[in-house]
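Some notes on the structure that comes next.
The values are calculated or read from the model by the stated rules, or taken from the named source; none is laboratory data. Everything numeric here is computed off the predicted structure, so don't read it as measured data. Every residue, glycine among them, receives a Cβ derived from its backbone with ideal geometry; neighbour counts consider all protein chains shown. Heads up: the accessible areas ignore ligands, DNA and RNA and are worked out on the full protein's heavy atoms, side chains in. Shrake-Rupley method; radii C 1.70, N 1.55, O 1.52, S 1.80 Å.
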Amino acid sequence: MPDNGAPSEAKQMRFHWSLPSTGVNDQRRGAQDRYKINPVNDLDRQRDFCQQADALGINSILLPIGFQRADPTGLALAYGMATERLKFMAASRPSVISPTHFVQQVNTVSAFTDGRIEINVVSGQGSEEMRYYGDFSSHDERYQRTDEFWTICHALWRREFPYTFEGKFLRVEGARVNQQFFAPDRDRPYVYIGGSSELATQMAIKHADCLLRLAEPPELMAPKIRPALDSGIEVGIICSQIAAPTHDEAVLAAHRLVENAGDGGIATQVDWRRMTQDSQGFSAIYEMGDRGEHWLTPYLWTGLVPYMGAPSISIVGSPDEIIEAIFEYRRIGVTQFLFQARPDFLTLNFFGTEILPRIRQREILDPLPPVTAGSGR
């Protein structure tokens, strides 16, 4: 995939937040039965959350995908038109849509939002949910289909018309999309591929700008992300954040979340763990939580995982500790961070006012080298 022609610029770390599927101040999210979630119950509060993230300098909002959620592409359009600078990382599953139609959708959203749509590629967290959508393929087959899907998408963004492709899973003949991707500095969306398997890393190197992985201790993660970094793409981590003015207050807040989740949270995760058992990243984090050694580092905590799931592996601490944790990941090459929290609104405000400005000041004193933004390789 060729360089998209974006100019070289000083590189900053990027910070993203996952939009909650339930109330933005819900402390039990992840401990609730997903089959009972109403995905459009909190649209106004979600819009307010996006506007607050926009004002605080968050780079983008992840719009996750799943049967219990509203469609992320529709949300990207709605919330994009309600904000000014914030980008929207719309999650997508290549197995449930035509690549030509997908490019058409993304390009249309870009026209209404000045290009503020990015893509988070999800090949599928578990086979059971994928069957809801008519996808009965295995873990490895989903990645093969993802490879074909993104080969077609990138050709269409390069406007190689008429484009014909015949693979094992996908076939298009003479494909074209009149609507171009619209952005001041790009001719295609920035692409994230999430996953902790070797297949995910290979896929990100081939098709993406950034590999997203669930958080692990930096010394364990460093060798795993080296192939992606050596290829020229970025690496980001996904985790929860539990921040407070002092270390003791943050730890107390963490344990209160466990108490609030209770036995109901454990029961919910037993079911969800079964549904996502072929996700290598999720399985590895669940196993860390099972071992009972919850503090993997002085700041990385797995205590919430048995109650709220693998993405609830958490960076916990005071502003100083959160900043040190982030820069420790930066030292091994991680430059993007996707957070969630409970409650989200309060934690977002605390991060945006007490932590992010200090990170930006520290970056001025210790800058990363310039890069060609979004070249991906």
Q. Where does each of Leu229, Leu356 land when they are ordered by accessible area, with a 1.4 Å probe and the largest first?
A. Leu229, Leu356
Q) Quick one: how many Å² of Lys206 are accessible to a 1.4 Å probe, rounded to 10? A) 100
Q. To the nearest 0.05, what FRET efficiency results for Gln12 and Glu259 with a Förster distance of 30 Å applied to their C-beta separation?
A. 0.20
Q. If the cut-off is a Cα-Cα distance under 15 Å, which aspartates and glutamates reach Lys206, setting aside same-chain residues fewer than 8 apart in sequence?
A. Asp3, Asp147, Glu148, Glu198, Asp230, Glu234
Q. Quick one: length gained pulling Ala284 to Asp320 fully straight, 0.36 nm per residue minus the C-alpha distance?
A. 10.1 nm
Q.
Treating only the Cα positions of region 145-229 as identical point scatterers, give the base-10 log of I(q)/I(0) from the Debye formula at each q in 0.21 Å⁻¹.
A. -1.00
Q. What accessible surface, in Å², does a 1.4 Å probe find on Phe345, ignoring ligands, DNA and RNA and rounding to the nearest 10?
A. 40
Q: Return the long-range amide H neighbours of Glu118 (sequence gap of 5 or more, or a different chain), with a cut-off of under 5 Å between placed amide H atoms.
A: Phe88, Met89, Ala90
Q: With label points built 7 Å along Cα→Cβ from the Cα atoms of Lys168 and Glu249, find their separation and express it in nm.
A: 5.4
Q) Let a ≥ b ≥ c be the square roots of the eigenvalues of the Cα gyration tensor of region 89-182; is it rounded (a/c under 1.5), or, if not, prolate (a/b larger than b/c) or oblate? A) oblate
(Q) At 0.36 nm per residue, and after removing the present C-alpha to C-alpha distance, how many nm does the segment from Glu141 to His101 gain when stretched out fully? (A) 12.3 nm
